[in-house]
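Input: a single structure, listed below in C-alpha cells.
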Amino acid sequence: MSSDNDTSPDLNAPPVVASSRPAWRSPWFILALAALLLAGWQWLETRQQLSETRVEVARRLADAEAMSREDRGARSQLLAQIEGLQAKLGAVEGRLAEFENQGEALQSLYDEMARGREEATLLEVEQAITLAAQQLQLAGNVAVAALALQTADSRLARLDRPVYLPLRTALAKDMARLNSLPFVDVPGLSLRLEEVIIAVDKFPLGAHGRPAEMAPTPAEPLVGGPWWQQAAREIWQEVKSLVRIQRFDQADQPLLAPGQSFFLRENLKLRLLNARLALLARDYGTFRNELKTAQDWLKRYFASDDKAVKAAQLSLQQLLAADLSIALPTLNDSHAALRDLRNRKEKR
C-alpha cells in the first residue's frame, strides 16, 4: 500500500536526463578568459612601452633642445668669428693693396737701378777696353791688356743678356790674339839692367885697378927675435904698402884724372837708365844703341878681367840678343762691337 509521502522511485517513469557541467569549465570560457588575459597583458605591455617611449621621446626632445641651444650658441660664435674674420680679411686686403702699390714702386725703382747698374757696367767695360788699348800702344804690356779684357768680359757675364753676346765674342777674339803672342819678360829684362846699374860703383877701372893676385895681404904679426929685427920688418911692411907695381897689357889704356872716374860711372849709369826707359817705352832702337855704348865703355875703361865686369858684359850681351820685335795686335773688333752696342741703345 502506498501513501502520498512515499518517496520511492517510480520505476515505470521515464528516465530523467542529468544536468550539464558548470560554466567555468566550458572550453569557451577558458578561451575567452585566456583571450582576456592576453589582451590585458598586451595592454599592460603596450602601456609600459608607451611610457618608455614617452620617456625616451622626452629625453630626446630635451637633448635636441640642448643641442639646439648649443647649436645656437655655436652659430652665434661662428657668426662672431666670421664677422671678425671678415674684418681681418678687409684689413688684409687693404694691406695687400698697399703692398701691391709698394711692390710696383719697388719694381720701378729696381728697374731704374738695374738700368743704372747696367749703364755703370758698360762704362766699366769701356774703360777696361780703353786701358787695354793704352797698355798695348804705349807700354806694350800684353799681360795687363789681356787682364783688362778678361775683366771686361767678366763684367758682361754678370749681366747675362743676349744683347751683349757680340761684344763678348769680339773680346774673346782679342784675348785669343793676345794670348797667342810670344812672351817677352820686360820686367825681368828691366831688373837685369837695374842689377848692372847698381854694380857700376863696384867696377874697378882699367887704369887704376889692380889684379886680384896683386892685392896686398895683411901683415902677420912677427913673434920672437930681437927687437931691432921686429922693428926692421915693420918698417919694410910700411914701405911695401906705399909702393904699387901694376902691369898694363894694353898700350892704349886710357888714363883718367882722379875726379873723372866719378863722372864716368855716373854717365854709364845714365846710359843704362836710358836703355831701361827705352825698353819700357818699346823704343828698341834706342835701347840697343844705349846698351852698345855701355858695353863699349865697359871694355874701354874698366878692368875686363874682373868678375863683376865680366858678368855685366855677359848680361848686356844677352839683353842685346833678346828678340823684342813683336807686332802687337789692335783691339779694333772690341771697339767696333762696343760702338755698335752704344748705337743700338741710343736708337731705343
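The values are calculated or read from the model by the stated rules, or taken from the named source; none is laboratory data. A quick note: this is a predicted structure, and the numbers were derived from the prediction, not measured. Neighbour counts run over all protein chains shown; Cβ positions are idealised from the backbone, glycine included.
Of all residues in segment 173-205, those being within 21 Å of Thr130 (Cα to Cα) and assigned to a loop (DSSP other than H, G, I, E, B) number 2.
For segment 123-143, a tally of residues being modelled with pLDDT under 85 and surrounded by 12 or more Cβ atoms within 10 Å (Cβ to Cβ) returns 8.
Looking at this structure, is Asp296 out of contact with any Lys or Arg (no Cβ under 6 Å at 6 or more places or on another chain) and at pLDDT 90 or above? Even if it seems obvious, please write down each step before you answer.
On the way: out of contact with any Lys or Arg (no Cβ under 6 Å at 6 or more places or on another chain): yes; at pLDDT 90 or above: yes.
When the stated conditions are applied, Asp296 passes them.
Picking from Pro162, Pro166, which residue would you name as being surrounded by 15 or more Cβ atoms within 10 Å (Cβ to Cβ) and outside the structural domain of Leu277 (by TED's automatic domain parsing)?
On the way: Pro162 fails: surrounded by 15 or more Cβ atoms within 10 Å (Cβ to Cβ).
None of the other options fit; the residue is Pro166.
Need pairs with beta-carbon distance below 6 Å; first residue outside the structural domain of Asp305 (by TED's automatic domain parsing) and closer than 15 Å to Lys299 by Cα and within segment 188-205, second at pLDDT below 90 and surrounded by 13 or more Cβ atoms within 10 Å (Cβ to Cβ); sequence gap 6+ or separate chains. Hits for this filter: zero, empty list. Just to be sure, is Ala170 within 17 Å of Asn343 (Cα to Cα) and not in a loop (DSSP other than H, G, I, E, B)? Spelling it out, Ala170 is indeed within 17 Å of Asn343 (Cα to Cα) and not in a loop (DSSP other than H, G, I, E, B).
Given the condition at pLDDT below 80 and over 60 Å from the mean Cα position of the chain (by Cα), answer yes or no: does some residue in segment 47-70 qualify? Checked segment 47-70: at least one residue is at pLDDT below 80 and over 60 Å from the mean Cα position of the chain (by Cα).
Within segment 225-274, the set of residues being part of a loop (DSSP other than H, G, I, E, B) and at pLDDT 70 or above comprises Pro226 only.
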